[in-house]
Each structure stands twice: as structure tokens, then as C-alpha cells.
Amino acid sequence: MSDRLHAALTRRRAWILVLALALCLPPFYLDAFWLRIGLFSMAAAIGAIGLALLSGTAGQLSLGHAFFLAVGAYGYAYFAGDPGAGLPPVVAAVLAVLLAGAAGGLFSPVATRVKGIYLGIATLALVFLGHHVLLTADSVTGGFNGRSVPPLTVGGFSFAETDPELVVLGVPFGAEERLWFLGLALFALTWFTARGLLRGRPGRALAALRDSETAASVMGVDVARHRSAAFVVSSMYAGLAGVLLALAFRRVVPDYFSLILSVDYLAMIVIGGLGSVAGATAGAVFVTALPLLMTRYADQLPLVAAPGSAEGAVGPTEAARYLYGAAIVLVLLYAPDGLHGLARRARERLRRRRAGRGEAVPDPVPSPPQSAEAARAKEHTP
């Protein structure tokens, strides 16, 4: 058994290594449009993973995720910019993430007292309050026109367009190529920390809270502390996503961080699968990439008008929202565990078919023993 377990772990590590190498190749072969889609998708995935921890695992509905993304984005622009604190960009990025976590910590007492739709309405107030502050605090946010975002520099290396000029294997590395690897590193950090949280005691405690606060408190879970911690961690993930988005956009404006963005993030975790890191990532890629792709290929799609067409036509952004709105309905009706659940069931069917043909089927990597309640709660965990 130990040999088979070792072989399964070796195969998993090999697949992770192959995937990591494959994700390093796009800057050498794809143009800036596709790299920007990847950057926006990685930033969205970081934020969606944070919301999946809060809403999918801890069961706390939040409609204020856009507020914490705005805190991260504007926090970085202010701490690193002029006018602003003028701090080193790395320090500014760390402070922006901590500021988002502090904002979540200030709101967490509300999260410990209300839940469900009431918590969703309470977090909704954050979006409207934040949007008002972004429009009126001109000295910090730049008002309606927003403010430019200073490029990130690490040890003298700049992620800006041409400073310094960089060529790797004959490929000029501009801002998109450089930011691709930064986004990949931040996404990998987010992925593994979130999986560690979900597979450890904090994840089991949050899942128990989602299922029954009474049962969780009987088992010794500090309900208020864990609900507050979930909100703070989710806010920090959103702040990190906001920093990456600011670097990718190079300018932040208040209208981007609206209620629509919060709804988009809810769509990501529902389509991908609640409580799943992999599902949140898949949902983020789907919701982020779809409108961008439809905008680029609008002239080749039926019933979709190119941007700037006559009134009454369905634009690519609206068409994309109709499509992933329909995807949400289909997921809720036929696959409540989302894309992650569909992929898991497909793998199980493939294993059964291979077993029926007499092929050697590798044993899944076993999880440590746990109670029936905790095992059921972790079904959505990758």
C-alpha cells in the first residue's frame, strides 16, 4: 500500500511540474491580448479563491468583495505613488494587502453577528460606501478619473514596459510578459495557501460552521473567532487581487469596483463550485475571459454586435453576461457542485471504466481519518 501511495504522490507531483512548465510558456508564444486575458484571469482567480473560502467554505454570503479589491488597488496606487506615500512598490503592495485585511477586520464584528441574506445586505453597503469615497476623496483616489498606478520594481528589476529592456530567448519581454510571471507566482502562492487552509483544521472548522454553528460550538470551535478570521483572510486575498489588477490595468477608476464586480465574483464561485479552490479558478477564468473573447470576435458571432454599434443591438459584454447567467441557472439545476464537481465525477467514471476493462487504476491519495460530518463538508474541497 505504501508503494502505491508513493507512486500516486509521485504522479501528482509530476503532473504539477508539467502544468507549471506549461504555464511558463505563453509569454514566449502568445501576443499581448492573450496575455492580458491570462493576467486578468489570474487576478480574478485570486479574488475568487478568497470569496470561495468565505462563502463556499464558511457559508458567509458577501456582496462586498469589490470593496476589498478597491482597497487593495487604490492602497497600492497611493502607497507607491505621487501624490501619496512614495514608498517602495514592494512595501506598498504588502501594505495594500494588509490594509484590505484590516478593512475586513473592522467589518468582521458585523460578520459575527449576522449571517445569510442579512450579511449579504450588510456587505452590500460596503460597495456603495466605497464607491462614494472613491469619487469624493480626490486627494487620495483621483476622483472620477482615478489615478495612474506606479509599476512594480523588485531589486532594481521593473515590471514596466521598457525599463530595463529585456529579451529572453529572442522574445522581447514587455509589461505583459513580465507581469505574467508575477501573476503566476502570486496565484501559486494563493492556491497552495488556500488548499492548506482547507485541508487543515481551519478548513474543517469553517466547514463545520457552515453546516451547523451549534454543532461546531459543541465540538469546540470558536464560532466568532473563525468567522472573523475567514472574513479577514478573504479580504486579504481580495486585496492581493486588487494589487495585481491595478498593475495590469495601469490605471484604477472607481466605476470598475462596482456592485457588478461583486456579482461577477459570486458567479465565479457558483459556476466553479462552492468551497473549491480549483472550481473558483475555473469559474474565474470563464467569467473573466468570456466577455473579452466575445469583444474580440464579435464580428464573427451571430446575434452579437461589435462594440459601438447601433442602439438596440446586444453588445459582447451584455451577451457574455447572458451566457454566464444561463450557466449559473444550469449549474444550480443540474450540477450544484459546479465545474469542479463535474470534473470529479468524470474522473470517477473514467476510473470505473478502466477498472472494468481490467486496467491498473492508481489508488487515490488517501486523506487522514476524520468524522463523518467533516468528511461530508469537505466534499467540495479539491
Based on what the data block shows, is Val91 out of contact with any Gly (no Cβ under 7 Å at 6 or more places or on another chain) and in a helix (DSSP H, G or I)?
yes
Take segment 116-132 and flag every residue that is under 20 Å from Gly59 (Cα atoms), touching a residue at least 12 places away in the same chain (Cβ under 8 Å) and open to solvent by 60 Å² or more (accessible area, probe 1.4 Å).
Ile117, Ile121
Looking at Phe107, Phe144, which is the one that is part of a helix (DSSP H, G or I), open to solvent by 60 Å² or more (accessible area, probe 1.4 Å) and either farther than 22 Å from Leu209 by Cβ or in contact (Cβ under 8 Å) with a residue 12 or more places away in the chain (or both)?
Phe144
Of all residues being touching a Pro at 6+ places or on another chain (Cβ under 8 Å) and in a helix (DSSP H, G or I) in segment 244-295, which is most open to solvent (accessible area, probe 1.4 Å)? Just the residue, please.
Thr295
Report, by residue number, each residue of segment 75-94 that is under 30 Å from Gln60 (Cα atoms) and either open to solvent by 60 Å² or more (accessible area, probe 1.4 Å) or at pLDDT below 90 (or both).
Val94
Just to be sure, is Val287 within 22 Å of the chain's Cα centre (by Cα) and either at pLDDT below 80 or more than 28 Å from Phe187 (Cα to Cα) (or both)?
no
Residues of segment 23-41 that turn out to be assigned to a helix (DSSP H, G or I) and open to solvent by 20 Å² or more (accessible area, probe 1.4 Å), as a count:
9
May I ask you to verify whether Gly64 is farther than 30 Å from Ser217 by Cβ, at pLDDT 85 or above, open to solvent by less than 50 Å² (accessible area, probe 1.4 Å) and out of contact with any His (no Cβ under 7 Å at 6 or more places or on another chain)?
no
Looking at Gly203, is it at pLDDT 85 or above, of a type in the set (Gly, Ala, Ser) and touching a Leu at 6+ places or on another chain (Cβ under 6 Å)?
no
Verdict on Val97 being open to solvent by 10 Å² or more (accessible area, probe 1.4 Å), part of a helix (DSSP H, G or I), touching a residue at least 60 places away in the same chain (Cβ under 8 Å) and not basic (Lys, Arg):
yes
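The values are calculated or read from the model by the stated rules, or taken from the named source; none is laboratory data. Just so you know, these numbers come straight off a predicted model, no measurement behind them. Cβ coordinates were reconstructed from backbone atoms using ideal geometry, including for glycine residues, and neighbour counts include every protein chain displayed. Please note that ligands, DNA and RNA were not included when accessible areas were found on the heavy atoms of the full protein model with its side chains. Shrake-Rupley method; radii C 1.70, N 1.55, O 1.52, S 1.80 Å.
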